[in-house]
1. To the nearest 20 debye, what charge dipole does region 193-234 have about its Cα centre, counting +1 at the Cβ of each Lys and Arg and -1 at the Cβ of each Asp and Glu?
2. What does the extension gain come out to for Asp7 and Trp218, with contour length at 0.36 nm per residue minus their alpha carbon separation?
3. Cross-link candidates for Lys4: which aspartates and glutamates have Cα within less than 15 Å, leaving aside residues fewer than 8 places away along the same chain?
4. Strictly over 31 Å apart at the Cα level, which of Lys291/Lys321; Lys147/Lys284; Lys26/Lys284; Lys60/Lys132; Lys48/Lys291; Lys73/Lys132 would you flag in this model?
5. Does anyone have the angle between helix 60-73 and the longest principal axis of the chain? Alpha-carbon axes, 0 to 90°, nearest 10?
6. Of Val301, His157, Gly229, which is farthest along the charge dipole of the chain in the positive direction, counting Lys and Arg as +1 and Asp and Glu as -1 at C-beta?
7. Can you give me the orientation-averaged projected area of the convex hull built on the Cα atoms of the chain, in nm²?
8. Specify whether the C-alpha gyration tensor of region 18-115 places it in the rounded, prolate or oblate class, a ≥ b ≥ c being the square roots of the eigenvalues: rounded for a/c under 1.5, otherwise prolate if a/b is larger than b/c and oblate if not.
Amino acid sequence: MAEKLNDVLCDVVANENFSGVVYVGKGQEVLHHAAYGYSNRAEALKNKPDTRFGIASGCKLFTAVGISMLVEKGDLSFHTRLRNCLPLSFPHFNEEITIHHLLTHSSGIPDYFDEEVMDDFEELWEARPMYKMNSLQDFLPMFQNRKMMFQPGEKFHYNNAGYIVLGLIIEEVTGLTFTDFVEQHIFEKAGMNDSGYYELDRLPGNTATGYIDSEDGWKTNIYSIPVKGGADGGALVTAEDMNRFWDALFSHKLLNEETLKLLLTPHMESDEDEYYGYGIWIDKMDGEVSKYHVMGYDPGVSFHSAVYPSSGINIVIISNKSDGAYDIMLAVEEAYKLK
């Protein structure tokens, strides 16, 4: 099987000009762990298996786990209303919005970047420089005073601003910055020692630079995404650390059995046989869960990671280009008959 996967990946990596890391594991067994392409093109530095990469929206799950930890402590409930846990003014928001609505993208609040109608994330920073986006509070002017898109619970509509609000709730309850909370209470517990929320102008060693293909050739993504990640995306992780996160989550090192079950419940249907729990996508086949997964895309970032409960296999595909991770994921799934 390993030889077959190597053959398949060689073809797909070449076709996609893939740059990143592919990790496939089953329990403690590593089935495939390899790096491709360059972490720094100008210096011709190659990616390594332990290189850090941005994962964009893939870390919404970290936010959901953080909120769930506070629910376990009794500081919140999933049905706590937004108006009762965050002392900020949202003049046009429905007063019935709950944490559950925010976690499941069903709150109806306005988004600062609506992925269903906007396709150029870089345009956001023309009027508001990305180097000033250092905290969750910096995002508030982009949606705080806008009107609702629909009523809470009415439907699923993927929403980045909802996760900014969840991060602000974590900060309000704990007194910590969101990034400090996640690093201390999730990354440390999971043994994710090589991951964190790093500023783009202060990156640690062995971190891949994100690259965007343009008409004039490649360019870095340093002017295309916020300078520091937060509750809706932007952590930098290694593939092995992401696998450690999955292990910690499913072995109840982060959440107890009851809370984990709620996080993994298919609360909202986003498409046929595709659902959303708390910060996590859930695929079903013949009525049974076939895959739990997260994904993230930013300029210069593409990421997919999944757990397949029937086989016990985990996959992490992490790239410093704007695309490629999805096609690699499909190739691995085909090689291991995971669909």
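1. 160
2. 73.2 nm
3. Glu333, Glu334
4. The answer is Lys147/Lys284; Lys73/Lys132.
5. The answer is roughly 50 degrees.
6. So the residue we want is Gly229.
7. That works out to 16.5 nm².
8. Details: a/c = 3.56, a/b = 2.05, b/c = 1.74.
Taking the square roots of the gyration eigenvalues as a ≥ b ≥ c, region 18-115 is prolate.
No value in this document is a laboratory result; all are computed from the given coordinates. If you're wondering where the values come from, they're calculated on a predicted model, not measured in any experiment. Cβ coordinates were reconstructed from backbone atoms using ideal geometry, including for glycine residues, and neighbour counts include every protein chain displayed.
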